[in-house]
Amino acid sequence: VAVTVISMLVTSSDLLAQRRPNAGQDIQKVIPMRERVQIMQHFWDWKKGNVLPAIMREQGVDMWIVRSDEQPEYRQTSYKEGPFYTSLLPANHEGMVLASQYEEGSRIPEFLLFFDTGVEIEYVQPRDYAHIGELVRARDPRTIAISETNNEPMLKVLGEYASRAVNSWVLGVRWLETMGPEQISVYRYVQGVANDLIAEGFSNKAIIPDVTTVEDLNWWFRHRMLDLHIEKENHPTIGIQRKPANIEKYAAEDSPEFFRNGGRSDNGMNPTIRRGDIVSLDSDIMLLGMVTDSHQHAYVLEEGETDVPEELKEALRIVNRMQDRFAAEFQYGRTGIEIERAAAQILREEGVIDSNLGFHPPPMFLRRFTINGLMFSRGTWVSGLGSGSGYKLHKVVSNEHTLNYNTLYAFEPHTRVAVAGWGERGVELGIGQIAVFTEDGLKYLDRAQPDDQWHIIR
């Protein structure tokens, strides 16, 4: 059955750009709001018609009963509704509202029930627990997926069918994490818009060396997103990496305390961007229900320089080679723990001080509003395979989940490289971006800063 899922959903790597031959073009076409809703509805229709039956059969589930109040572990701490529930709600083209089939226009159903007839997935909105019992007895499913905890009323109403119940966690995560071919293709566009935006901000269009501060640049990005009618999940985080000699040189204007963290300023500090600095950005945009997670870097030319110094270009080449080696460890069926363990065994190149692999599913959403126009308590979910000890089984993100095809990741390895003149900690040049895993392996959707391509501020 798994082969069916793979063959139906896999996306050709020909669609996925590894470099940026058309830089600056995506930002010229930011899709209007109404058209975005229609595109997202198309994504949802395809996902409901193709992904839902595929993953139910993959997991051997005949019936899936979703509650609106499923266990807190299924959702982000700021959710009041579970993401499985909100992402499966029907909608129309006019504004992401519940369909008119419901008896009460302002009522959000407490349950969603999906039954595999063998031909199609039947959808029913149960009125209450008693109605669920009637539906189950009438359809006699062999396997029923339900939430594992806080489910005493459900088990009671299932009665003799309770022995057929299985935990719905993997099924729900597979539903959220599996992307359709058009979604993946359009995500390349979204990453392209993000890359174009960063390229604008990491230029003299936004930065005047020795005048512009970190907060100035942060606000430039915020206002530029407003100008483009682009939302964001988080405000940008901007830091400065500065050579020890320049920390001393500018000590009167920019306190050395700003750079106690290995020569790098943290959020909340506001040094002026100086010549010779490395400006580092962690930022995202939110477009078409898709969120990027970008880490990029710019170099501010010193007086007399016409290009980035060769030692910094070589540092970026090393970082990109390390990223490609990390990407090769994404192999179908591996858990996040296994990928991290394999990545830790990769031989570090000469000059690498330390390097570690970080990744997580990007935030997304399909549903944001109830029928009366109120937004759900949190607009996005993060669901699937991730790295790090904080991601445990039965969370929406787990490092014990396995790697599946047609899934997306915020791929953000961090590598510090020794560079002459930059002190014992060297420079940290992790490149964060969205990547997709298909039968062709892990591929960058719109590769940022390949080879030795720095953003340059003159």
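If you go through the stretch 176-185 and keep only what is surrounded by 21 or more Cβ atoms within 10 Å (Cβ to Cβ) and farther than 15 Å from L385 by Cβ, you end up with G180, Q183, I184.
Residue-by-condition table, conditions (1) under 30 Å from F365 (Cβ atoms); (2) aromatic (F, W, Y); (3) part of a loop (DSSP other than H, G, I, E, B); (4) at pLDDT 95 or above:
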| residue | (1), (2), (3), (4) |
| --- | --- |
| N267 | yes, no, yes, no |
| G276 | no, no, yes, yes |
| L281 | yes, no, no, yes |
| H295 | yes, no, no, yes |
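Before we move on, is V61 at pLDDT 95 or above and crowded, with 16+ Cβ neighbours inside 10 Å? So V61 fits the description; yes. Checked against (1) part of a helix (DSSP H, G or I); (2) in contact with a Ser or Thr (Cβ under 7 Å, 6 or more places away or on another chain), G239 passes all but a single condition, namely (1). Looking at the stretch 328-350 only, could you name the residues that are under 18 Å from L408 (Cα atoms), of a type in the set (D, E) and assigned to a loop (DSSP other than H, G, I, E, B)? Of everything in the stretch 328-350, just one residue is under 18 Å from L408 (Cα atoms), of a type in the set (D, E) and assigned to a loop (DSSP other than H, G, I, E, B), namely E329.
Checked against the criteria, G201 counts as modelled with pLDDT of 95 or more and under 23 Å from D282 (Cα atoms).
Quick one: which of L301, L357, L287 is within 18 Å of L429 (Cα to Cα) and either in contact with a Phe, Trp or Tyr (Cβ under 9 Å, 6 or more places away or on another chain) or among the β-branched types (V, I, T) (or both)? Full working, then the answer.
Values: L301 fails: either in contact with a Phe, Trp or Tyr (Cβ under 9 Å, 6 or more places away or on another chain) or among the β-branched types (V, I, T) (or both); L287 fails: within 18 Å of L429 (Cα to Cα).
L357 is the lone residue from the list that is within 18 Å of L429 (Cα to Cα) and either in contact with a Phe, Trp or Tyr (Cβ under 9 Å, 6 or more places away or on another chain) or among the β-branched types (V, I, T) (or both).
For the stretch 138-180, the set of residues classified as at pLDDT 95 or above, closer than 22 Å to T407 by Cα and either assigned to a helix (DSSP H, G or I) or more than 34 Å from the chain's Cα centre (by Cα) (or both) consists of L171, R174, W175, E177, listed by residue number. Criterion first (at pLDDT 90 or above and either outside the structural domain of P153 (by TED's automatic domain parsing) or in a helix (DSSP H, G or I) (or both)) does M40 satisfy it? Against the criterion (at pLDDT 90 or above and either outside the structural domain of P153 (by TED's automatic domain parsing) or in a helix (DSSP H, G or I) (or both)), M40 qualifies. The set of residues in the stretch 155-175 being surrounded by 24 or more Cβ atoms within 10 Å (Cβ to Cβ) and of a type in the set (A, V, I, L, M) consists of V173 alone. The residue of the stretch 127-154 that is surrounded by the fewest Cβ atoms within 10 Å (Cβ to Cβ), among those that are closer than 27 Å to G49 by Cβ and without any contact (Cβ under 8 Å) to a residue 60 or more places away in the chain, is A138.
Residues in the stretch 33-52 that are in contact with a strand residue (DSSP E or B) (Cβ under 8 Å, 6 or more places away or on another chain) and crowded, with 19+ Cβ neighbours inside 10 Å: 1 in all. Any residue at all in the stretch 223-236 that is at pLDDT below 95 and not in a loop (DSSP other than H, G, I, E, B)? The answer is yes; a qualifying residue exists. Looking only at the stretch 236-259, residues that are of a type in the set (A, V, I, L, M), surrounded by fewer than 21 Cβ atoms within 10 Å (Cβ to Cβ) and under 16 Å from T212 (Cα atoms) come to 0 in all.
Residues checked against (1) touching a residue at least 60 places away in the same chain (Cβ under 8 Å); (2) under 24 Å from V417 (Cβ atoms); (3) assigned by TED's automatic domain parsing to the domain that holds E412; (4) out of contact with any Cys (no Cβ under 9 Å at 6 or more places or on another chain):
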| residue | (1), (2), (3), (4) |
| --- | --- |
| T212 | yes, no, yes, yes |
| R242 | no, yes, yes, yes |
| E248 | no, yes, yes, yes |
| A251 | no, no, yes, yes |
| R264 | yes, yes, yes, yes |
| V279 | yes, yes, yes, yes |
| P309 | no, yes, yes, yes |
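In the condition set (1) β-branched (V, I, T); (2) surrounded by 19 or more Cβ atoms within 10 Å (Cβ to Cβ); (3) outside any strand (DSSP E or B), T306 is compliant with all but (2).
The values are calculated or read from the model by the stated rules, or taken from the named source; none is laboratory data. Predicted, not measured: the structure shown is a model, and the values here were computed from it. Here Cβ is always computed from backbone atoms with ideal geometry, including for glycine, and neighbour counts include all displayed protein chains.
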